[in-house]
Structure formats: structure tokens, C-alpha cells
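To start, the structure under review is shown below, and the notes come after it.
The values are calculated or read from the model by the stated rules, or taken from the named source; none is laboratory data. Predicted, not measured: the structure shown is a model, and the values here were computed from it. Note that each Cβ is placed from the backbone with ideal geometry, even for glycine, and that neighbours are counted across all protein chains shown. Heavy atoms of the whole protein, side chains included, go into the accessibility calculation; ligands, DNA and RNA do not. Shrake-Rupley method; radii C 1.70, N 1.55, O 1.52, S 1.80 Å.
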Amino acid sequence: MDEARRFIDLAHQLRVPYVRVFPNQLIPGEDKQVTLARISEGLHQLGEYAGPAGVTIIVESHGEFRRAEEIIPIIEGARSKNVAFLWDAHHTCVEGERPADTYQQLGKHTRHTHLKDSVPIPGKAKDDRHYVLTGSGDIPVKETVRVLATNGYKGYYCFEWEKRWHPDIEEPEVAFPHYATTMRQYLAEMGVKV
């Protein structure tokens, strides 16, 4: 909580509108409702601290909190207009949620997005995937953009390229221009001016 407050203070000084957090995992052996209540209370405190600084806390779909049904209770439980959703669409799609379903449940809370594409690695767990250039994998990035654009989303479509943790993927010098070109095409098809 202290670290998050320091980031809120820094975001305020830099005029950055968001500070990202993610609850990541449940506590083994602890009742789930107890953990969710603690997370919600922590988010409430951070949201109330962030509000006067002009900052919003955005909760990323990540770890054991990848599905709308797991995220809604903590965002709504925070009881703060300064707590919202960072939609990492890769994670929700790997969990089997269709973009339209995630947006239907969390759209009103969505302030920022992370987008990336991947393919499954044969013989590995469903969330152990290989990242690929945007549009060449099986993550419905274009459909996610369509859902956001047709529902009036005005936030960023942030590209996430985790070369540091996945050294075998394409170089950023290849992946970033490819993403920009692909996204310009997707957004143009949706009637969004770029």
C-alpha cells in the first residue's frame, strides 16, 4: 500500500492519470471471500487517496484475476469512482472469454487496454503461450478493437511486448512497427480516426 501511494504521488507530479495494480493471486488456505474483501478494501483506500491527486487506480486482469467474474467483485467492492479496469485482453481471451462478453461486464469500468497476440505451445498449460506479431496468433485482437471502438472507448490501445521475459520473441524493432501498422488498419476499419 505504501508503494502504491508513492506511485500515486509520482503520477500526480507527472500528471499521469493512472496507476496500475494487479491482485495477481489468492492466498492459499484463506477463504476466497476474505481475500476479496481485503483486496477491495485496499483498492478503496488507494482510490480515495488517488482521487484528490487526479489519479485513477486501474486493476489489470492478471494472474488468478483474469475473468470478469473474478474482477467485478473487487472493482465494485472498492466503492470508489477512482478505481477502474485495465483490460489485458490477452489474459481474458486465454481464459476463454469473448471480447464482447468481457466488455459487456466490465466496459463501464474500462479505462485502459493491453493488447498482444500469441499461440499455444503444444504440450504446455493453456496460459503458457508463445507471443507472436499482432494478428498472426489466435487471440482475437481485431475483435477486441472492434468491441472497444464500437462502444465508444476513448482510451489507449497499449501494445505489450514482453521481450525481457521472453527473449525468443521478435525484436521490438520488428514488433512495434508491425503493431502500429496493424492497429492503424484495424482502427480505420472501425471508423476510428488515427
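Of all residues in region 65-99, those satisfying the criterion of being part of a loop (DSSP other than H, G, I, E, B) and under 20 Å from D128 (Cα atoms) are R66, R67, E95, G96, E97, R98. Considering region 143-179, and only residues there that are within 19 Å of V119 (Cα to Cα) and among the acidic types (D, E), the residue that is most open to solvent (accessible area, probe 1.4 Å) turns out to be D168. In region 175-194, the residues that are on the phi > 0 side of the Ramachandran plot and of a type outside the set (D, E, K, R) form Cβ pairs under 9 Å with partners that are open to solvent by less than 60 Å² (accessible area, probe 1.4 Å) and in a helix (DSSP H, G or I), at six or more places apart or across chains, as follows: G191/A149. When region 1-29 is filtered for residues that are of a type in the set (A, V, I, L, M, F, W, C) and loosely packed, with under 12 Cβ neighbours inside 10 Å, the ones remaining, listed by number, are M1, L14, I27. When region 1-52 is filtered for residues that are in contact with a Phe, Trp or Tyr (Cβ under 7 Å, 6 or more places away or on another chain), in a helix (DSSP H, G or I), closer than 15 Å to A84 by Cβ and not hydrophobic (A, V, I, L, M, F, W, C), nothing remains. Residues that are of a type in the set (V, I, T) and open to solvent by 40 Å² or more (accessible area, probe 1.4 Å) within region 30-74 comprise just one, V34. The single condition among (1) in contact (Cβ under 8 Å) with a residue 12 or more places away in the chain; (2) more than 21 Å from E69 (Cβ to Cβ) that P52 does not meet is (1). Of the residues screened, D101 is one that is within 22 Å of K154 (Cβ to Cβ), of a type in the set (D, E) and open to solvent by 30 Å² or more (accessible area, probe 1.4 Å).
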